[in-house]
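Written below as structure tokens is the structure these notes are about.
The values are calculated or read from the model by the stated rules, or taken from the named source; none is laboratory data. No experiment lies behind these values; they were computed from the predicted model shown. Neighbour counts run over all protein chains shown; Cβ positions are idealised from the backbone, glycine included.
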Amino acid sequence: MFLSETRLKRDPVETTSAPRRRMRPYTARAPCRPALAMAGVHKSYRDVSALCGVDLEIEPGEIVALIGANAAGKTTLISIAAALCRPDAGGVWVDGVNMLTHPKQGRRSLGVATQETGVYPRLSVRDNLRFFGELVGLRRKVLDERLESVAEAFALSAVLDRETRMLSVGEVRRLHTAMIILGRPLLLLLDEPTTGVDVRTRARMLELVRDLAMDGSAVCYSTHYLVEAEQLGASVAVLHHGRIVARDTVQTLIGSYGQSAIELRFDGPAPQLVDVPGVQRSEAILRLATDRDSANSVASLFAALGDSITQLRDVKLIQPNLESVFLALTGQASSCKDERLEVTGDT
Amino acid sequence: MIPRCSIAIARQDWRILRRDPFPVIVPVALPLLLIPFVKPAFQLGFGAEHIRHTAGAEQAVPAMDVTFAFFLVGNSSIGFFREHAWRTWDRLRASPASNYEIVLGKIAVPLLQAMGQFALLFGLGVLCLGLTVHGSWGSLVAVGAAYSLYLVAMGLAVIAICKTYMQANAITNVGALLIAGLGGALVPHAFLPAWARVLSPAVPSYWTMSGYREAILGYGHPLVNVAVLLTFATACLVFAALRFRLDDTKIAWA
């Protein structure tokens with residue numbers, strides 16, 4: 001645990017602002033007040049509907065993985081939660097503050113890491129972090145201490161005085177996220193925070209997010225990588241065509257929607273099997289759901305292969321997982337399916 | 001009292017400026033280089049107007065200040081456009097800073113730049129270039145401050161209507177020459193064509209140049225000039241307030 005010594009404890013924040021603006025430990029908060037509450041949110045861009053009546057609540061300490069295909073509405077949802085754009089209808093509350101009427105007050109409780117990394121390339125890592133600490137009103141001494149601890153947690157200590165444009169992609173991604181952690185916000189909105197980073201950086205980021213949630217932050221984590229939702233231990237909100245079509249824990253969703261399957265991969269095009277119902281064919285792959293009467297299904301599948309069995313290269317048994325849940329709910333494969341398989345090897 | 005977030009934003013812009021001061025150095029260094037070249041011509045101009053005992057710097061220094069300070073309109077706008085280019089604009093908007101605090105913070109450094117340019121040009125003008133202020137330094141500073149306010153307000157108006165930095169840059173470059181010319185900064189106002197002299201009062205540079213002239217030559221207190229410049233600044237601010245949308249997408253460079 002690289003965070004063991006530098007854990008980002010949620011203690012009272014010393015700011016230059018009035019006491020009521022300070023973040024407090026959760027024990028001091030009013031019970032049953034979600035960190036984020038969205039109700040009946042609609043948003044359209046001209047004649048394209050981006051969100052259609054979204055309801056979402058995230059409690060302090062909870063991680064919600066927001067998954068969906070491209071253009072499902074994930075970024076729009078996060079933008080509306082952060083009051084970066086207004087919904088056409090519906091309401092948004094952050095820590096009980098109405099974001100449509102009091103966005104400035106609500107933003108004190110949230111931190112947003114947008115999908116595209118936003119840093120000041122000509123300034124040092126320290127100056128980038130310092131700026132966001134100043135924006136949330138940290139005093140110099142507190143800011144200096146917190147800057148060091150956040151840099152250590154995000155493995156940026158060694159590059160604190162380096163110009164940001166000289167950093168690696170992974171370091172920039174970490175800095176991008178670290179910039180919002182300084183203020184220890186109650187709600188973190190992370191829009192695809194691991195896009196373009198290597199496996200090691202991703203693992204580090206996930207660990208950080210888990211730790212932040214353990215310290216009491218609510219996290220809305222938008223991602224294409226379904227495996228991240230599982231690794232985070234997050235509950236999942238599946239967004240499809242602007243609607244949340246499922247919202248539950250990973251295990252519950254798998255229990256409700258997951259399907260096991262057998263997947264056959266061939267050298268060359270997969271054969272057409274008209275006699276076996278339910279077989280999906282895609283170029284060199286045949287896939288058969290095996291949730292009911294598995295033995296008979298598999299037997300009939302192999303029997304139907306005939307001479308094509310000589311072309312069979314690989315057989316995989318796919319356990320019910322979030323991928324199959326996503327497929328069942330949205331009718332389309334996750335855009336990062338291959339990466340998921342590569343990372344987890346869960347076949 | 002200046003809001004805390006505005007101070008943080010202005011401080012960040014100052015850090016950026018310190019990393020790359022070239023865009024500020026050029027608009028100050030170039031007029032200092034040009035003043036010795038244009039001084040004799042302006043001295044002849046004073047002679048033609050029967051104004052004696054002048055070195056030409058009394059027209060050359062304010063003329064160069066008015067002309068080159070206008071390029072700060074571009075500097076004001078680039079402060080916004082680069083936030084879009086670096087994808088930090090939405091991060092600012094998602095911070096606890098209100099829209100008003102963001103804009104106030106972003107215009108602080110350009111305003112200081114304009115005032116700094118004024119101080120350097122007139123200071124060095126007196127020390128090295130033979131400028132003598134016969135009238136009130138207070139009036140001179142008042143005109144310089146009012147013109148600086150107008151410039152940052154104009155910068156906001158330019159940002160409000162431009163989608164790209166190239167558009168803002170084009171407006172700045174053309175505007176600098178046009179406004180300087182009509183205002184009597186390139187050629188003394190008395191020598192402008194009749195049609196240009198009619199148009200002159202419509203541009204802020206005319207009021208700046210005539211205000212500087214009154215203060216430097218000791219012809220009186222340029223209160224009207226300051227008032228007109230502040231009116232121009234207010235008009236630009238009102239226009240910007242009506243047109244400027246912080247959630248507009250700006251394309252940084254092209």
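Condition check ((1) within 23 Å of A:THR114 (Cβ to Cβ); (2) free of Cβ contacts under 8 Å to residues at least 40 places away in the same chain) across all residues:
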{"site": "A:ALA203", "(1), (2)": "yes, yes"}
{"site": "A:LEU212", "(1), (2)": "yes, no"}
{"site": "A:SER260", "(1), (2)": "no, no"}
{"site": "A:PRO269", "(1), (2)": "no, yes"}
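For segment A:226-240, the set of residues classified as part of a helix (DSSP H, G or I) and buried (at least 24 other Cβ atoms within 10 Å of the Cβ) consists of A:LEU226, A:GLU228, A:ALA229, listed by residue number. A count restricted to segment A:68-86 and to residues that are away from chain B (no Cβ under 13 Å) and part of a loop (DSSP other than H, G, I, E, B) stands at 6.
Could you name every one of the helices (runs of 4 or more DSSP H) located completely within segment B:78-194 that has at least 1 residues being within 25 Å of A:ARG86 (Cβ to Cβ) and within 14 Å of chain A (Cβ to nearest Cβ)? Filter on segment B:78-194 gives B:89-93, B:99-128.
Of everything in segment A:203-225 that is more than 20 Å from A:PRO185 (Cα to Cα) and buried (at least 22 other Cβ atoms within 10 Å of the Cβ), the residue that is modelled with the highest pLDDT is A:THR223. Assessment of segment B:42-61 against the conditions (within 14 Å of chain A (Cβ to nearest Cβ) and not acidic (Asp, Glu)) yields no matching residue. Go through segment A:169-209 and count every residue that is part of a helix (DSSP H, G or I) and of a type in the set (A, V, I, L, M). Residues in segment A:169-209 being part of a helix (DSSP H, G or I) and of a type in the set (A, V, I, L, M): 13 in total. Against the test of being surrounded by 18 or more Cβ atoms within 10 Å (Cβ to Cβ) and either closer than 17 Å to A:HIS42 by Cα or within 7 Å of another protein chain (Cβ to nearest Cβ) (or both), the options A:GLY91, A:GLY118, A:GLY106 yield a single qualifying residue, A:GLY118. Residues in segment A:271-281 that are surrounded by 11 or more Cβ atoms within 10 Å (Cβ to Cβ) and touching a residue at least 12 places away in the same chain (Cβ under 8 Å) were compared, and the one that is nearest to A:SER300 (Cα to Cα) is A:VAL276. Only a single criterion out of (1) over 17 Å from A:LEU186 (Cα atoms); (2) assigned to a strand (DSSP E or B) is not satisfied by A:MET38, namely (1).
Whenever a residue of segment B:79-95 is on the phi > 0 side of the Ramachandran plot, its partners that are surrounded by 20 or more Cβ atoms within 10 Å (Cβ to Cβ), lying with C-beta atoms within less than 6 angstrom and at least six residues away or across chains, give the pairs B:ARG87/A:GLY118. Taking segment A:134-161 as the range and being surrounded by fewer than 23 Cβ atoms within 10 Å (Cβ to Cβ) and facing another protein chain (nearest Cβ under 9 Å) as the test, the residues that pass are A:GLU134, A:GLY137. Just one of the listed residues (B:LEU121, B:LEU127, B:LEU104, B:LEU131) is within 19 Å of B:LEU156 (Cα to Cα) and not hydroxyl-bearing (Ser, Thr, Tyr), namely B:LEU104.
Of the residues making up segment B:184-197, none is in contact (Cβ under 8 Å) with a residue 60 or more places away in the chain, touching a strand residue (DSSP E or B) at 6+ places or on another chain (Cβ under 9 Å) and of a type outside the set (Val, Ile, Thr).
Of everything listed in (1) outside any helix (DSSP H, G or I); (2) touching a Lys or Arg at 6+ places or on another chain (Cβ under 9 Å); (3) surrounded by fewer than 19 Cβ atoms within 10 Å (Cβ to Cβ), the single unmet condition for B:ILE51 is (2).
Could you please find all residues in segment B:54-77 being of a type outside the set (Gly, Ala, Ser) and part of a helix (DSSP H, G or I)? Across segment B:54-77, the qualifying residues are B:GLU58, B:GLN59, B:VAL61, B:PRO62, B:MET64, B:ASP65, B:VAL66, B:THR67, B:PHE68, B:LEU72, B:VAL73, B:ASN75. Regarding segment B:21-28, can at least one residue be identified that is within 14 Å of B:GLN113 (Cα to Cα) and assigned to a loop (DSSP other than H, G, I, E, B)? Taking every residue of segment B:21-28 in turn, at least one turns out to be within 14 Å of B:GLN113 (Cα to Cα) and assigned to a loop (DSSP other than H, G, I, E, B).
Restricting A:GLY40, A:GLY73 to residues that are touching a residue at least 40 places away in the same chain (Cβ under 8 Å), surrounded by fewer than 22 Cβ atoms within 10 Å (Cβ to Cβ) and on the phi > 0 side of the Ramachandran plot narrows the list to A:GLY40. Put simply, of B:ILE35, B:ILE9 the only residue that is within 22 Å of the chain's Cα centre (by Cα), surrounded by 19 or more Cβ atoms within 10 Å (Cβ to Cβ) and within 14 Å of chain A (Cβ to nearest Cβ) is B:ILE9.
Is there a residue being closer than 26 Å to B:ASP90 by Cβ and modelled with pLDDT of 85 or more anywhere in segment A:193-200? Yes: segment A:193-200 contains one or more residues that are closer than 26 Å to B:ASP90 by Cβ and modelled with pLDDT of 85 or more.
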